[in-house]
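Engineer: Take this structure, written in structure tokens, and hold onto it; I'll ask about it next.
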Amino acid sequence: MIRELPLGVYVPGTTLLHRMGAALKFVLLVAFIIGVTALPTQPWHAVIALAFVAALYVWARIPGRVAWRQLVPLLPVLVFLGAFMVWQNGVASALTVLIGLLATIAAANLLTLTTPVEELLAELDRALAPFGRAGELVSLTIALTIRLIPLTLATANEVLDARKARGVGFSFTAFGIPLVIRSVRRAKMMGEALMARGAVD
């Protein structure tokens with residue numbers, strides 16, 4: 001069963017990182033991602049960045065179990081990417097990129113672990129307000145994407161539960177087709193509701 005995905009958990013706390021404004025944390029996150037993308041040239045450079053993020057997790061008092069569960073869904077992708085990069089660029093280059101990528105993903109997860117989604121969306125609305133209608137549509141799109149994450153997770157678990165109740169083994173086709181059909185149906189219903197309310201043209 002899939003229980004947690006990135007953007008799906010908020011850990012309440014009173015640390016400075018929790019009290020810091022969402023906009024400031026987002027700016028710092030972007031600066032960190034740019035730095036990690038541009039600066040590391042050796043694996044140990046990326047290790048320093050990852051250690052820094054790990055220290056922030058400890059400072060924010062994020063349980064290790066929660067932090068780990070946020071990364072688990074992405075590990076298969078990272079393993080595949082790592083194997084490809086070793087083949088293309090060698091071990092040192094692959095380690096530098098992968099460790100740096102892991103550091104940026106962990107940092108992004110830390111933002112959502114220490115910031116309520118409602119606060120993030122409110123800051124997004126304020127930041128995009130000067131762009132008028134276009135800003136509203138971008139904000140709505142991002143908000144719906146974030147909101148659909150737990151709904152898609154619940155749908156995936158429902159499909160797995162249904163197959164388990166029927167005593168049928170796992171199959172990518174039998175799992176993927178019902179998941180896609182239900183997700184498309186939900187998206188269509190949501191689009192119709194938004195059009196009825198004049199939210200989209």
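The values are calculated or read from the model by the stated rules, or taken from the named source; none is laboratory data. Keep in mind the model is a prediction, meaning the values are calculated, not measured. In this analysis, Cβ positions are derived from the backbone assuming ideal geometry, glycine residues included, and neighbour counts consider all displayed protein chains. Ligands, DNA and RNA are stripped out before the accessible areas are found, and what is left, the full protein with its side chains, is counted by its heavy atoms. Shrake-Rupley method; radii C 1.70, N 1.55, O 1.52, S 1.80 Å.
Engineer: Once the whole set of protein chains is in place, how much accessible area is left on residue 80, using a 1.4 Å probe, in Å² to the nearest 10?
Structural biologist: Residue 80 has an accessible surface of roughly 150 Å² with all protein chains in place.
Engineer: Moving on to the next point. Leaving out ligands and nucleic acids, and using a 1.4 Å probe, what accessible area per residue does region 16-115 come to in Å²?
Structural biologist: Working: 5620 Å² over 100 residues.
In whole numbers, region 16-115 has 56 Å² accessible per residue.
Engineer: Using a 1.4 Å probe over the heavy atoms of the protein chains, calculate the carbon and sulfur portion of the accessible area of region 88-138 as a whole percent.
Structural biologist: Values: 1680 of 2420 Å².
In region 88-138, the share of accessible area belonging to carbon and sulfur is 69 percent.
Engineer: Suppose each label sits 7 Å from its Cα in the direction of the beta carbon; what would the residue 86-residue 42 distance come out to in nanometres?
Structural biologist: Using points 7 Å along Cα→Cβ, the separation is 2.2 nm.
Engineer: Something else now. Could you give me the radius of gyration and the Dmax of region 1-118, taking only the C-alpha atoms into account and expressing both in angstrom?
Structural biologist: Rg then Dmax for region 1-118, in Å: 14.7, 45.
Engineer: Go through 57, 10 and list them by solvent-accessible area, largest first, probe radius 1.4 Å. Walk me through the numbers on the way to the answer.
Structural biologist: On the way: 57 25, 10 90 Å².
Output order, biggest surface exposure first: 10, 57.
Engineer: Now for a different question. Counting other Cβ atoms within 10 Å, keep those with at most 16, restrict to DSSP loop, and tell me which trypsin sites (Lys or Arg not before Pro) in region 40-100 are left.
Structural biologist: Sites meeting the loop and neighbour criteria: 61.
Engineer: Using a 1.4 angstrom probe with every protein chain in place, what is the largest-first accessible-area order of 44, 87, 59?
Structural biologist: Working: 44 155, 87 185, 59 115 Å².
Descending accessible area places them as 87, 44, 59.
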